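Trainee: Let me begin by handing over the structure; questions about it come next.
The values are calculated or read from the model by the stated rules, or taken from the named source; none is laboratory data. Keep in mind that this is a model prediction, so the values were computed, not measured. Cβ: placed from backbone, ideal geometry, glycine included. Neighbour counts: every protein chain shown. The protein model used for the area step is the full one, side chains on, heavy atoms only, and it has no ligands, DNA or RNA in it. Shrake-Rupley method; radii C 1.70, N 1.55, O 1.52, S 1.80 Å.
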Amino acid sequence: MNSKTFSRIQEQLSLLSFPAGSTVLDIGSGPGTLAVPLAKRGCKVTVVEPSIPMVSAMKTYLQESGVTTDIQVIPKLWEEVKPEEIGVFDYIISSFSLAVPNLSDALDKMNNTANRQVHIFWFLSSPHWETVRRDLWPELYGEEFMGKPRSNLVWNTLYQKGIMANLTVHRMKTEYIYTSEEEALAHYWEQFPIVKEEQKDIIVNYLRTHLVPLKDGRYQFPALEHYAHIWWDII
């Protein structure tokens, strides 16, 4: 984890001032970046996480953090979880895990599963990887790239449900730096289903236009990204 990512996670944790003993459901917890620190604070944490490698990484993180309290795991996608199998929690967290087939249903389930508050962290501007795809997709495949909904749509969906959520804006603070031009090219080639040599040339030319050489010989892809913290009280 680089220092910028660590800084963003610390910022998120500072926004989650849950009292010790609170029950917390972390949806799409990944390797436990929020779940483990919250368990260390004394919260009773349950996670919804379908990825076995992510759950394994979380358990390792839990042990390395010296937390003796276990974290319960529901190994499913959020849309697969039935309300009766999870019950109700004081606080619900969804941190960059809103890639769901039905946003309205996902938000309803969060709202109905919380006793006190729901907290969502989600992209307000296009994440870097999506910006690159949006720029290159039409030239590579002859069609527009369809990205994920942004935080403004999340907030408006809540508004239409009569939920007046709070929203604050934060910098992602992520850096995209590569040791060489070749490393950058290899990284982006892997993200596209490329079948023709001329398509590789399109990506090469794009990156050579956007990569900025640094004084130490590395290369940076400049990106200015923002995310939103959306939260509301359960009434």
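Trainee: How much length is gained if the chain between V88 and N156 is pulled fully straight, taking 0.36 nm per residue apart and subtracting their Cα-Cα distance, in nm to one decimal?
Mentor: 22.0 nm
Trainee: Here's a follow-up. Separation of region 76-124 and region 218-235 by C-alpha centroid, Å?
Mentor: 19 Å
Trainee: Considering only protein heavy atoms, what per residue accessible area in square angstrom results for region 62-208 with a 1.4 angstrom probe? Don't skip to the end; give the middle numbers.
Mentor: Numbers: 8070 Å² over 147 residues.
Averaged over the residues of region 62-208, the accessible area is 55 Å².
Trainee: State the label only: which of [x] 0.93; [y] 1.01; [z] 0.98 corresponds to Rg/Rh (Cα atoms, Kirkwood Rh) computed from the shown model?
Mentor: So the calculated entry is the one marked [y].
Trainee: Could you rank D233, D108, D90 by how accessible they are, 1.4 Å probe, largest area first?
Mentor: Numbers: D233 90, D108 55, D90 25 Å².
Result of the area sort, largest leading: D233, D108, D90.
Trainee: Right, next: When the chain is fully extended, how far beyond the present Cα-Cα distance does A20 get from N115, taking 0.36 nm per residue of separation? Each step should come with its number before you reach the end.
Mentor: Working: separation 95, 0.36 × 95 = 34.20 nm, distance 1.55 nm.
Length gained, A20 through N115: 32.7 nm.
Trainee: Compute the helix-to-body angle for 151-160: its Cα long axis versus the longest principal axis of the chain, expressed 0 to 90° and rounded to tens.
Mentor: Approximately 40 degrees, to the nearest ten.
Trainee: Show me, bin by bin at 10 Å from 0, the whole-percent P(r) of region 2-85 based on Cα pairs.
Mentor: 18, 50, 30, 2
Trainee: With a 1.4 Å probe and every protein chain left in place, tell me how much accessible area R8 has, in Å² to the nearest 10.
Mentor: Rounded to the nearest 10, that gives 40 Å².
Trainee: Next up: Evaluate region 102-231: find the radius of gyration of its Cα atoms, find its Kirkwood radius, and give the ratio Rg to Rh.
Mentor: Working: Rg = 18.7 Å, Rh = 17.2 Å.
With Rg and the Kirkwood Rh in hand, the quotient comes to 1.09.
Trainee: For the chain, modelled as a GNM with alpha-carbon contacts under 10 angstrom, which of A35, A165, A186 fluctuates the most?
Mentor: Result: A186 has the largest fluctuation of those listed.
Trainee: Then there's this: Among K44/K109; K76/K148; K148/K196; K59/K148, which pairs are too far apart, with a Cα-Cα distance over 24 Å?
Mentor: K148/K196; K59/K148
Trainee: Long-range amide H contacts for M172: which residues qualify at under 5 Å (H placed 1.01 Å from N, peptide plane, sequence gap of 5 or more or a different chain)?
Mentor: E225, H226, Y227
Trainee: Can you tell me the FRET efficiency between S180 and L103 if r is taken as the Cβ-Cβ distance and R0 is 35 Å, rounded to the nearest 0.05?
Mentor: Working: r = 40 Å, r/R0 = 1.13.
Here the calculated transfer efficiency is 0.30.
Trainee: Turning to a different aspect of this structure: How much net charge surrounds S14 when only the other residues with a Cβ under 15 Å from the Cβ of S14 are counted, with Lys and Arg +1 and Asp and Glu -1? Please list the in-between numbers first.
Mentor: Numbers: positive: R8, K40, R41, R171, K173; negative: E11.
Around S14, the charge tally is +4.
Trainee: Hey, any idea what % of region 90-148's accessible area is carbon plus sulfur with a 1.4 Å probe? Kindly include the intermediate steps, with their values, before the conclusion.
Mentor: On the way: 1140 of 2600 Å².
Carbon and sulfur: 44 percent of the exposed surface of region 90-148.
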